[in-house]
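Each remark here refers to the structure printed beneath this line.
The values are calculated or read from the model by the stated rules, or taken from the named source; none is laboratory data. Predicted model only: the values in this text are computed from it and were never measured. With ideal geometry, Cβ positions are generated from the backbone for all residues, glycine too; neighbour counts draw on all protein chains shown. Accessible surface areas use protein heavy atoms only, side chains included; no ligands, DNA or RNA. Shrake-Rupley method; radii C 1.70, N 1.55, O 1.52, S 1.80 Å.
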Amino acid sequence: MAVPMEDHRSPVFPELTRACLNALKPVFKTATASPILFPSSGTGCWEAALTNCLNPGDKVLISRFGQFSHLWADMCARLGFDVEILETPWGEGAPVERYLSSLSSDKQHKIKAVLVCQNETATGVTSDVAAIRKAMDSVKHPALLFVDSVSALASIEFRMDDWGVDRLHQRLAKRLMLPAGLGVTCVSQKALEAAKAATSRRCYFDYADMVARTLPLFSLHSVDSHAVRPAESLAMLAEEGLENVFARHAYLAAACAPRSSTVEAQALCDRSKMVFDTVSAIMVPEA
């Protein structure tokens, strides 16, 4: 990755973009969704999802069980959406049964988007995205499913098409082993159709602009040498193989799991539940 910056207007840049976008689809495990690169943090990708696919005042359903799910819920409220928050003890995952209860009670389908953090980095817990999609399907709810997979993608299983995820985002500084500054989102065809009709204001994060410029492989924003880095890290992942990467993380996580009775008692999350393989969260005692 230690190479000179590549001008985003250069004739080489389209090939870098093509290589990156093509390599992202197998990581997302999608054949139909559109990857989009944003020069931003993951927070920018949060905002892009909300403002592209929803109308002002739309209702969203989200569980708050850690710092990052809290921040996403806070953003929803500050952007003017009607937020139903499922308050959940920190250290637990997204409460599937409570999602199901809210969705089954929503007979008029006022909920337009269901939001979930696959991995809550603050507490070291994984949520079952597939189960939430199953809950949505069981009551035939048409809401969009948005997933934050910042600390999960390319480290544990994620299946965008199989799980019916409409919008996923990842910060490339995390599991794709890169410096901060570039976010990637993957958008289903259903979400892109919703974006055509949505009336929330957006400019920098407009999906339509990004897809229109990405398809001919001409960068809308100045990403410069950032395109070199994900192409290389994605090539490394492909060389090792995603299943091997998942197994490696699981193996190392097992080695790092709290083993002494003292540390076990201070583990922030319930270790009998879904603990993810990239972060071990420990509650430090006050004294």
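Determine the distance separating the Cα centre of the stretch 133-198 from the Cα centre of the stretch 17-63; give it in Å without decimals. Answer, in whole Å: 6.
Accessible surface for residue 132 stands near 0 Å², nearest 10, in the context of the full protein assembly shown (1.4 Å probe).
In loop segments of the stretch 93-189 as defined by DSSP, there are no chymotrypsin sites (Phe, Trp or Tyr not before Pro) with at most 14 further C-beta atoms inside 10 Å of their C-beta. Based on protein heavy atoms only, the stretch 1-112 ends up with 46 Å² per residue of surface accessible to a 1.4 Å probe.
Could you tell me whether the stretch 50-192 comes out rounded, prolate or oblate from its Cα gyration tensor? Rule is a ≥ b ≥ c as square roots of the eigenvalues, rounded for a/c under 1.5, then prolate if a/b exceeds b/c, otherwise oblate. Cα axes put the stretch 50-192 in the rounded bin.
For trypsin sites (Lys or Arg not before Pro), the sites in the stretch 15-115 that DSSP calls loop and that have at most 15 other Cβ atoms within 10 Å are 107, 110.
Residues of the stretch 37-53 falling in the label zone of residue 180, defined by backbone nitrogen less than 20 Å from a point 7 Å along Cα to beta-carbon, are 37-48. With the simple spin-label model, which puts each label point 7 Å out from Cα in the Cβ direction, the residue 43 to residue 134 separation comes to 3.6 nm. Where the accessible area of the stretch 1-141 is counted over protein heavy atoms with a 1.4 Å probe, how much of it, in %, is carbon and sulfur? Of the solvent-accessible surface of the stretch 1-141, carbon and sulfur hold 54 percent.
Stretching residue 243 away from residue 282 to a fully extended chain increases their span by 11.3 nm, per 0.36 nm per residue minus the current alpha-carbon distance.
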